[in-house]
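**Q** Input: one structure, supplied below.
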């Protein structure tokens, strides 16, 4: 069994916010795989297909670990068979970073999951949302909707994030990471254009 978890906050008022990018990516995976309707399980909304369970915890971000632990125990999922998808302020909008484990990087949803599972060996896909401008409060930034000028970049990161999730289901994580962690084509990095 594989468990794909997108992090976000429940409710329509949060639907288009930066903090809900993880929800959007796993929703896209579920749509592509025609997993059908979402149903409640373990304080999450889940969609199931074969040996894949896609989940959106409904506990609010900072308590995501409670839903994930319940799903892991109920479905008997090994920590290495989980992929958590969430937004990251440390990455520019549009960048992805897939890792097999590590700390939370200050993300409270991921911190809750690591605490509840008592392991830092939980694969994760970080989705760049860019740093908050100096004059804007951090919480206000992550809970704000994306701007109209960002729409194209957001759609691209959702598509690339879903591609990475689907590749993770079929391939070795390190091989997938080597591809998805590279800058998108055309992005300027250290003074030169990315391949």
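**Q** Could you tell me which of rounded, prolate or oblate describes the stretch 41-134, using a ≥ b ≥ c as the square roots of the eigenvalues of the alpha-carbon gyration tensor, with rounded for a/c under 1.5 and, failing that, prolate when a/b is larger than b/c and oblate otherwise? Don't jump to the answer; show the numbers that get you there.
**A** Details: a/c = 1.72, a/b = 1.71, b/c = 1.01.
Here the stretch 41-134 falls in the prolate category.
**Q** Only counting other Cβ atoms within 10 Å, I'd like 118, 179 sorted with the fewest neighbours first. Don't jump to the answer; show the numbers that get you there.
**A** Details: 118 9, 179 14.
Fewest-to-most ranking of 118, 179: 118, 179.
**Q** P(r) of the stretch 90-165 in 5 Å steps, Cα pairs, percent per bin?
**A** P(r) over the stretch 90-165, rounded to whole percents: 3, 13, 21, 22, 20, 14, 5, 1, 0.
**Q** Computed from the coordinates I sent, semi-axes √(5λ) of the Cα gyration tensor in Å equals one of (i) 29, 22, 14; (ii) 25, 19, 16; (iii) 37, 17, 15. Tell me the label.
**A** (ii)
**Q** Here's a follow-up. I'd like the orientation of helix 64-75 relative to the chain: the angle between its Cα long axis and the longest Cα principal axis, in ° from 0 to 90, rounded to 10.
**A** On a 0 to 90 degree scale, this one is about 40.
**Q** Can you give the log10 of the normalised intensity I(q)/I(0) at q = 0.17, 0.22 Å⁻¹, computed with Debye over equal Cα scatterers of the stretch 138-186?
**A** -0.66, -0.85
**Q** What percent antiparallel are the DSSP beta bridges of the chain, to the nearest 5? It would help to have the intermediate numbers written out before the result.
**A** Working: 16 of 29 bridges.
Counting only bridges with both partners in the chain, antiparallel ones make up about 55 percent.
**Q** Can you give me the angle between helix 151-170 and the longest principal axis of the chain, using Cα atoms only, in degrees from 0 to 90, rounded to the nearest 10?
**A** 40
**Q** Which whole-number percentage describes the relative contact order of the chain, with Cα contacts under 8 Å and a sequence gap of 6 or more? Don't jump to the answer; show the numbers that get you there.
**A** Numbers: 388 pairs, mean separation 47.3, N = 195.
Averaging sequence separation for qualifying contacts and normalising by length gives 24 percent for the chain.
**Q** Right, another one. Once you've got the GNM for the chain with C-alpha springs shorter than 10 Å, pick whichever of 80, 103, 11 has the biggest mean-square fluctuation.
**A** Maximum among the listed residues: 11.
**Q** If neighbour count is taken as other Cβ atoms inside 10 Å, put 1, 110 in order from fewest to most. Walk me through the intermediate numbers first.
**A** Details: 1 15, 110 26.
The most exposed by this proxy come first: 1, 110.
**Q** May I ask for the Kirkwood hydrodynamic radius of the stretch 1-50, worked out over all distinct Cα pairs and given in angstroms to one decimal?
**A** Values: mean 1/r = 0.0869 Å⁻¹.
When all Cα pairs of the stretch 1-50 are included, the Kirkwood radius is 11.5 Å.
**Q** Return one number: the angle in degrees, 0 to 90 and rounded to the nearest 10, between the long axis of the Cα atoms of helix 21-32 and the longest principal axis of the Cα atoms of the chain.
**A** 70
**Q** Still on this model: May I ask you to sort 37, 64, 104, 119 by Cβ crowding, counting other Cβ atoms within 10 Å and putting the fewest first? Intermediate values should be presented prior to the final figure.
**A** Working: 37 7, 64 32, 104 17, 119 13.
The order, fewest Cβ neighbours first, is 37, 119, 104, 64.
None of the figures in this text is laboratory data; all of them are computed from the coordinates on show. Keep in mind that what you see is a predicted model, and the values were worked out from it rather than measured. As a convention, Cβ positions derive from the backbone with ideal geometry for all residues, glycine included, and neighbour counts pool all protein chains shown.
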